[in-house]
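The values are calculated or read from the model by the stated rules, or taken from the named source; none is laboratory data. Model, not experiment: these values are computed from the prediction. Cβ coordinates were reconstructed from backbone atoms using ideal geometry, including for glycine residues, and neighbour counts include every protein chain displayed. For the accessible areas, the whole protein counts, side chains as well, though only heavy atoms, and no ligand, DNA or RNA atoms are used. Shrake-Rupley method; radii C 1.70, N 1.55, O 1.52, S 1.80 Å.
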Amino acid sequence: MVQNQRSEVILLLGSNIGDRVNWLAKGIESISDKLGEVTQLSGIYESEPWGFSTDQSFLNQAVKISTTMGPRSILHAIWDIERSLGRVRTDGTYSSRTIDIDILTWENRIFWTRKLQVPHVHIQNRRFALIPLVELVGKQAHPILSESFEELLRICPDNTWVKPFAPSHA
């Protein structure tokens, strides 16, 4: 990647511990401070946990950024942001978390290393990722599967529920 060349990257934030809306907001603020300009946000969606069971549902939001950072630098900065916001990584199993930040797409580029797969390796199988992603770049084609993200959502095998988040005002 050419230094100082700007790239559009889409991240997915998720939270299911405590004040989930606040964790998303803090995540977006940290992304803006450390990774690049936030250029677009999806709505917030509520979803059931994927890959494990817990009583607390997740809130998810896609964030489009414009950045000059490279993939590995972004990944390490994401891990730093997650740690600073109380994320505790487990031994490769899924668990509840204050914040989770995944790289979904990097324009139409493909990166494949042991620690980083872009586009995200499970994106086509997760409605909670596809729905906010489609809101931002629905017609864009997946660079490996050659289907639009809208089409991948239409044929997604995931049957977990995902709905627009409506905060309660008690």
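Binned at 5 Å from 0, what are the whole-percent values of the Cα-Cα distance distribution for segment 21-67, short to long? Per 5 Å bin, starting at zero, the Cα-Cα P(r) for segment 21-67 comes out as 5, 20, 25, 21, 14, 11, 5, 0 percent. If you plug the beta carbon distance of residue 155 and residue 53 into 1/(1 + (r/R0)^6) with R0 = 30 Å, you get a FRET efficiency near 0.70.
Computed with a 1.4 Å probe over protein heavy atoms only, the accessible surface of the chain comes to 52 Å² per residue. Principal axis extents of the C-alpha atoms in the chain (largest first, rounded to whole Å): 49, 37, 33. Once all protein chains are placed together, residue 23 keeps about 50 Å² accessible to a 1.4 angstrom probe. Each Lys and Arg adds +1 at its Cβ and each Asp and Glu adds -1 at its Cβ; summed about the Cα centre, the chain shows a dipole of about 340 debye.
Measuring max minus min along each principal axis, the C-alpha atoms of segment 2-84 give extents of 45, 23, 21 Å (largest first).
Remark: for residue pairs 34/139; 26/139; 115/139; 115/163; 26/163, the C-alpha separation exceeds 24 Å in 34/139; 26/139; 115/139; 115/163.
Does segment 109-170 come out rounded, prolate or oblate by the C-alpha gyration tensor, with a ≥ b ≥ c the root eigenvalues, rounded set by a/c under 1.5 and, if not, prolate when a/b is larger than b/c and oblate if not? Here segment 109-170 falls in the prolate category. When the accessible area of the chain is computed with all protein chains present and a 1.4 Å probe, what percentage of it is carbon and sulfur? Of all accessible area on the chain, carbon and sulfur atoms account for 49 percent. In the complete set of protein chains, residue-level accessible area for residue 26 is approximately 80 Å², probe 1.4 angstrom.
The modelled label-to-label distance for the pair residue 139/residue 110, using points 7 Å beyond Cα in the direction of Cβ, is 2.4 nm.
Per-residue 3J(HN,Hα) values for segment 10-17, derived from phi via the Karplus relation 6.51 cos²θ - 1.76 cosθ + 1.60 with θ = phi - 60°, read 10, 10, 10, 9, x, 8, 9, 10 Hz in sequence order (x marks Gly and Pro).
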